[in-house]
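*Asks:* Quick one: the structure is below, questions incoming.
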Amino acid sequence: MAGPLLDQWFHERGLGPTLTHKFRLVATDGSTLQEPGSEGTDWRLHTQWNLADNRWERSELADADGAESLTQGTLRPDDVVLSDENDGRPEAIAGIRSQQAH
């Protein structure tokens, strides 16, 4: 859903090629899951959503030791990644850049 809206925004401002044709927009996030009665994290869910195509590209369930990281996703060169503050650490940013994404 966001892809067409961003395309329209860029087009209305005469900013050249539409964003979704030049870049792939992906949102990433990780969540912790707890089993009933648990006193901590039992599982971690890592997800990647393609905003232009409005579909899941990745969903992975890991044990409690599987920390959230953008190095775990499958990014493409020139992808534009939206994430939360957990992925603002230098090692996470290095993982994005090692895949030639932004």
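The values are calculated or read from the model by the stated rules, or taken from the named source; none is laboratory data. The shown structure was predicted, so the numbers you read here are calculated from the model rather than taken from an experiment. Methodologically, a virtual Cβ is constructed for each residue, glycine included, from the backbone with ideal geometry; neighbour enumeration extends over all protein chains shown.
*Asks:* Report yes if Gly37 is out of contact with any helix residue (DSSP H, G or I) (no Cβ under 6 Å at 6 or more places or on another chain), surrounded by fewer than 17 Cβ atoms within 10 Å (Cβ to Cβ), on the phi > 0 side of the Ramachandran plot and at pLDDT 85 or above, otherwise no.
*Replies:* Criteria met by Gly37.
*Asks:* Scanning the stretch 66-87 for residues that are exposed (fewer than 14 other Cβ atoms within 10 Å of the Cβ) and modelled with pLDDT of 80 or more, which turns out nearest to Thr32 (Cα to Cα)?
*Replies:* Across the stretch 66-87, the extreme among qualifying residues is Asp84.
*Asks:* Still on this structure: So is Gly3 modelled with pLDDT under 85 and under 15 Å from the mean Cα position of the chain (by Cα) or not?
*Replies:* In short, yes.
*Asks:* Test Gln100 against the stated conditions and say whether it is modelled with pLDDT of 85 or more, closer than 21 Å to Phe23 by Cα and in contact with a Ser or Thr (Cβ under 6 Å, 6 or more places away or on another chain).
*Replies:* no
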